[in-house]
Structure formats: C-alpha cells, structure tokens
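Written out below as structure tokens is the structure these notes cover.
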Amino acid sequence: MKRIIVLNPKGGSGKTTLATNLAANFAVAGYQPALMDLDPQGSSMRWLKKRPNDHPAVHGIAGFERSATVTRSWRLRVPDNCEPLIIDTPAALESHDLPEITRGADAILVPVMPSDIDIHAAAKCIADLLLVAKIRRADERLGIVANRVRSNTLVSHTLMRFLGSLDIPLIATLRDSQNYVRCSESGLGLYELPKWQVRQDIDAWDNLMRWLGANQPTLHDERAGVVMHDAL
C-alpha cells in the first residue's frame with residue numbers, strides 16, 4: 001500500500017489542507033483512499049464528516065483517538081481495499097519521533113508557508129528528516145509544497161529563494177486562495193469545485209499528482225452538470 005506522509009512540526013503550515021485535498025483528489029481519480037488523522041485537533045476528520053455522501057468515498061481513520069477497549073494497532077488498521085493511505089501528522093513532532101512516523105513512507109510532503117518563522121521551522125524539519133529519520137535524497141520520496149503563496153510579494157520571493165537553495169524538489173506552489181476555505185467548509189477537494197472557479201489552481205495539483213505517480217483526476221464542470229477532463 002502506498003503511504004503518503006504530510007509532515008511539518010510547525011503548526012499552521014497547511015498539513016490538513018494538503019492531506020484532505022490529496023484524499024479527495026485520489027478519490028475523484030478512481031482510487032479508494034484512506035485518510036489517517038494523527039493530529040489531536042482532528043481537523044481532517046471534521047472535513048471528512050462534512051463530505052457529501054454522493055461524492056467518491058474517503059475512508060477515515062481517527063488515529064488521535066484513545067480507547068481502553070481496542071488496541072492501537074486495531075484502531076489504525078487500514079482496509080485491504082484502500083489505496084493509498086494519506087497521513088495527516090500532528091504539530092510539535094519531536095525529531096526523535098520522525099524515524100517511526102516516516103517508516104515505510106513512499107512519499108513525504110512538507111508544506112511550507114511564506115513567513116520567516118515558517119521558513120526557519122521548515123529548515124529544521126528538513127534537516128531532521130535527512131539526519132535523524134535518515135531519509136535519503138536519492139530515494140526521491142521527499143518533496144516540498146509551498147503553501148498559501150501570493151505572487152510578487154517580498155515574503156514569497158524569500159520563500160522561493162530558500163526552497164531553491166535546497167537539494168529537494170519543490171513539487172507544487174499553492175496559491176493563497178479562498179478555494180481551500182470552500183473545500184474545508186464543504187468536505188470537498190479542489191477538483192470537485194466548478195472548473196471556472198479553480199482555473200488558476202489546478203496546474204499545481206496536476207504536478208503534485210504526477211509526482212506521486214497517480215492517475216490524473218477529472219475536473220468538475222458545474223455548469224454542464226458533468227465531470228470532464230481538464231482542458232485548460
């Protein structure tokens with residue numbers, strides 16, 4: 001089973017936005033994804049509860065929950081028919097937790113926000129992944145996602161210079177867009193919003209899905225009442 005880890009110990013970096021949209025994208029592309037939420041805030045599971053029943057299913061695993069009646073391994077089990085598993089990790093992960101949480105990962109995505117604090121935190125996170133978790137650059141399973149970027153701003157240029165200094169691929173640059181707020185509030189993914197509404201956002205997600213080796217999702221056209229392949 002393909003395991004995709006969304007990881008950054010810095011809170012507010014956009015892990016849940018990335019994880020939930022990935023889950024929806026895989027579902028739209030014909031997969032049967034599982035979304036595991038390890039963050040005690042439970043934001044991914046709240047998104048999933050809002051997901052309309054008539055949309056492609058995403059299997060949810062509330063990994064942050066504790067129970068005296070079942071084992072942790074039972075609570076974290078993934079149904080055999082699910083593929084891939086997307087893991088939304090908690091904030092404030094310690095460096096010594098990284099080897100365990102990244103074990104067996106096929107892809108590790110680090111979302112980075114355009115601020116000095118976030119850039120500093122991302123630098124430490126990446127160093128810990130390389131030095132503590134022993135993630136090898138040559139394995140090509142570690143990628144950066146620039147999140148909530150506003151073009152032609154000083155802080156966005158600073159972020160791009162920082163990312164350019166890393167020997168790690170920048171997989172996608174996500175705009176600072178209200179579309180992600182709409183997705184969060186409705187339990188949807190970007191490909192499930194009307195085509196005209198997400199025109200400026202889709203290329204970044206196409207790049208990300210290609211890097212993950214996934215089929216391209218189809219894009220919804222609300223006006224036509226159909227889903228159709230993106231022909232932007």
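Read-outs: derived from the displayed coordinates by stated rules, not from any lab. Everything numeric in this text was worked out from a predicted model, so none of it was measured. Note that we place each Cβ from the backbone using ideal geometry, even for glycine, and neighbour counts take in every protein chain shown.
Can you give the % of DSSP beta bridges in the chain that are antiparallel, to the nearest 5?
Values: 4 of 28 bridges.
For the chain, the DSSP antiparallel bridge percentage is about 15.
Just name one of Leu212, Val58, Val198: the one whose Cα is farthest towards the positive end of the charge dipole of the chain (beta-carbon charges, Lys/Arg +1, Asp/Glu -1).
Highest projection toward the positive end goes to Val58.
Among the trypsin sites (Lys or Arg not before Pro) within the range 39-122, which fall in a DSSP loop and have no more than 14 other Cβ atoms within 10 Å of their own Cβ?
Details: sites: Arg46, Lys49, Lys50, Arg66, Arg72, Arg75, Arg77, Arg103; in loops: Arg66, Arg77, Arg103.
Filter output for the range 39-122: Arg66, Arg77, Arg103.
For a quick check: sort Asp201, Asp116, Asp97, Asp37 by the number of other beta carbons within 10 angstrom, fewest at the front. Could the numbers behind the result be given before it?
Numbers: Asp201 19, Asp116 11, Asp97 16, Asp37 27.
The fewest-first ordering by Cβ neighbours comes to Asp116, Asp97, Asp201, Asp37.
Need the full-extension length gain, Lys49 to Arg137, defined as separation in residues times 0.36 nm minus the C-alpha distance. One decimal, nm. Show your work: numbers first, answer last.
On the way: separation 88, 0.36 × 88 = 31.68 nm, distance 3.66 nm.
Taking Lys49 through Arg137 to full extension adds about 28.0 nm, to one decimal.
Measuring from label point to label point, each 7 Å out along Cα→Cβ, what is the Asn81 to Ser165 span in nm?
For Asn81 paired with Ser165, the spin-label model returns 5.0 nm.
Any idea what the relative contact order of the chain is, in percent, if you count C-alpha pairs under 8 Å spaced at least 6 apart?
Details: 421 pairs, mean separation 55.8, N = 232.
In percent, rounded to a whole number, it is 24.
Taking the Cβ of each residue in Trp205, Trp196, Trp47, Trp211 as the centre, tally the other Cβ atoms inside 10 Å and list the residues starting with the fewest.
Numbers: Trp205 22, Trp196 9, Trp47 28, Trp211 16.
Least to most surrounded, the residues fall as Trp196, Trp211, Trp205, Trp47.
Over 29 Å between Cα atoms: which of Lys49/Lys134; Lys124/Lys195; Lys50/Lys134; Lys2/Lys49; Lys2/Lys134; Lys49/Lys124 fall into that group? Don't skip to the answer; put the middle values down first.
On the way: Lys49/Lys134 36 Å; Lys124/Lys195 38 Å; Lys50/Lys134 37 Å; Lys2/Lys49 24 Å; Lys2/Lys134 19 Å; Lys49/Lys124 34 Å.
Beyond 29 Å between Cα atoms: Lys49/Lys134; Lys124/Lys195; Lys50/Lys134; Lys49/Lys124.
What does the charge add up to near Lys2, with Lys and Arg as +1, Asp and Glu as -1, over the other residues with Cβ less than 12 Å from its Cβ? Present the calculation step by step, with values, prior to reporting the outcome.
Working: positive: Arg3, Arg141; negative: Glu83, Asp106.
That sum, taken over residues with Cβ under 12 Å, equals 0.
Work out, step by step, the length gained on full extension between Met1 and Lys124: first 0.36 nm times the residue separation, then minus their alpha carbon distance; give nm to one decimal. Present the calculation step by step, with values, prior to reporting the outcome.
Numbers: separation 123, 0.36 × 123 = 44.28 nm, distance 2.90 nm.
Length gained, Met1 through Lys124: 41.4 nm.
How big is the equivalent ellipsoid of the range 3-228 along its three axes, where each semi-axis is √(5λ) from the Cα gyration tensor, reported in whole Å from largest to smallest? Walk me through the numbers on the way to the answer.
Working: eigenvalues 129, 114, 47 Å².
That gives 25, 24, 15 Å for the three semi-axes.
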